[in-house]
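S.K.: Below is the structure I would like to discuss, written out as structure tokens.
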Amino acid sequence: MIVYNKDWWGLPLLCRLYGSAMTRTLPFAIISMLGTIWIQLDKNDYFPGWRHPYPYTLFAFIVGFAVVFRTNFAITRYWEGRTQIQVMSSSLAACAMQLLSWDNVQSAGYRRYHHRGEEKAEDNNDHNNDDDSNDVEEAAASREVAWFRQSLVHLLSLAHALALQNVRADRAMSNLVPFYLRRPRDGKHK
């Protein structure tokens, strides 16, 4: 894969020879230029057919057809790459949704299991547990669940961003901005 320098708004790409079509097309362009100069400067008129516009029309038609054909291939390659990026993005989103759903089911099962255990303890001991301590434990558990969910979404979003940066062949890590998740301390998540 060719890695392009993105400095100076991409202007150095105009002078780049490696990976450029200039090195392959320049010899043919020079031969064509020399042939055109020779025909224009020829006093003996060895090529009377080239004075008529028909050869140029035919040549322009063939070149135009070739350019359109190559452009069609380039557009097809672009859309194939774009489709694969969309597949990657939707797969990461599906992964996030499945993990969050799994966490939701596990969290609900954890709460049901502990509530059933508390109800049995109340029935067996015939005394009421302090409701405030249960509320504090539930709030702490919900904060941990919220922290896990935020961390999960953050990490999958970061994986997506790094994958797109890799597709761009952008090796500059200075583009990344640090983001620190803070653990929620109370019921309000900021």
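The values are calculated or read from the model by the stated rules, or taken from the named source; none is laboratory data. Computed from a prediction, not measured in an experiment: that's the story for all the values here. As a convention, Cβ positions derive from the backbone with ideal geometry for all residues, glycine included, and neighbour counts pool all protein chains shown. Side chains are part of the model used for accessible areas, which takes the heavy atoms of the whole protein and leaves out ligands, DNA and RNA. Shrake-Rupley method; radii C 1.70, N 1.55, O 1.52, S 1.80 Å.
S.K.: Grab the beta carbon distance between Ile37 and Ile62, set R0 = 25 Å, and tell me the FRET efficiency rounded to 0.05.
M.R.: 0.70
S.K.: Taking each pair of different alpha-carbon atoms in the range 22-111 once, compute 1/r for the pair, average those values, and report the inverse of that mean as the Kirkwood hydrodynamic radius in Å to one decimal. Walk me through the numbers on the way to the answer.
M.R.: On the way: mean 1/r = 0.0521 Å⁻¹.
After inverting the mean inverse Cα-Cα distance, the result is 19.2 Å.
S.K.: Continuing with the same structure: With the full set of protein chains in place, find how many percent of the accessible area of the range 1-107 is carbon and sulfur; take the probe as 1.4 Å.
M.R.: Carbon with sulfur: 72 percent of the solvent-accessible area.
S.K.: Continuing with the same structure: Give me the number: length gained by fully extending Gln84 to Met97, i.e. 0.36 nm times residue separation minus the C-alpha to C-alpha distance, one decimal in nm. List each step's numbers first, then the result.
M.R.: On the way: separation 13, 0.36 × 13 = 4.68 nm, distance 1.98 nm.
My answer for the length gained is 2.7 nm.
S.K.: How much length, in nm to one decimal, is gained on full extension between Arg168 and Ala21, taken as 0.36 nm per residue of separation minus their Cα-Cα distance?
M.R.: 50.8 nm
S.K.: Between Trp8 and Ala146, with labels modelled 7 Å along Cα→Cβ, what's the label distance in nm to one decimal, could you check?
M.R.: 5.2
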